[in-house]
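Reviewing the structure listed below.
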Amino acid sequence: MVDVVGLFAAGGNARYGESVTQLEHALQCAALARRARADDEVVLAALLHDVGHLAARTPEGPAGHHGHQGAGLLQPCVPARVAWLIEHHVVAKRYLCTVDPRYAERLSPASVRSLAAQGAALDLEERLALETRPWFADAVRIRRWDDEAKIAGAVCLPLAAYRPLIERWLGPQSWPAAAGIA
Ligand code: FE
Ligand code: FE
């Protein structure tokens, strides 16, 4: 069991970039996944893609970024695909910057700053290695929702709306009656 709801309750009010909190960002990302009729594993990965920011306080770098930290935390409980998607949402940004110049132009200022720490463009070999992985298309979808999930004041379902999904894999959670959670 991993108490991700407790992590959001403790650290979800931290800012995510310039416009939303970590919790708002997670809820917006999951809502976009649901709206796109993504399956439950992809919705869970969208909801928890940045949980590494809440769980770990180690420096961000290509070898130890928040995607690894989040995947490592959840990997004992969630399906392998969910952990893989959480880990790879970071490299999916580098991938999209490499293959789509317009994508790179639209990144938010905070996202441009973190890109430098996460590593620059991918070479051809790295691109091909990713493109042939069966779940990579899902990682790219999550990445695009991630980039859209930064709208100040957007109205979203609270975390409790995902309770069956979260508890199916992560076990019973603490559900404090806080804004955005209950
Ligand atoms: Fe992230
Ligand atoms: Fe994110």
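Bear in mind these aren't lab numbers, they're just calculated from the coordinates by the rules spelled out. Predicted model, so just to flag it, every value in this text is computed and none were measured. Here the Cβ positions follow ideal geometry from the backbone for every residue, glycine too, while neighbour counts run over all protein chains shown.
The C-alpha atoms of the chain define a longest principal axis, and helix 22-35 lies at about 80 degrees to it. The charge dipole of segment 1-160, taken about its Cα centre with unit charges on the Cβ of Lys, Arg, Asp and Glu (plus for the first two, minus for the last two), comes to roughly 260 debye.
The calculated P(r) of the chain, using every Cα pair and 10 Å bins from 0, goes 10, 40, 38, 11, 1 in percent.
Between the amide H of TYR16 and those of THR21, GLN22, distances stay under 5 Å, these residues lying 5 or more places away or on another chain, with hydrogens modeled in the peptide plane. Under the classification rounded if a/c is under 1.5, otherwise prolate if a/b is larger than b/c and oblate if not, where does segment 12-83 fall, given a ≥ b ≥ c as square roots of the Cα gyration tensor eigenvalues? Oblate, because a/c is 1.5 or more while a/b does not exceed b/c.
Peptide packing: for 20-33, 3-16, 142-155, the average count of neighbouring Cβ atoms within 10 Å per residue gives the ranking 20-33, 3-16, 142-155, highest mean first.
Helical content of the chain, expressed as a calculated mean residue ellipticity at 222 nm, amounts to -17500 deg cm²/dmol (DSSP H runs of 4 or more residues, -39,500 (n - 2.57) each, divided by residue number, nearest 500).
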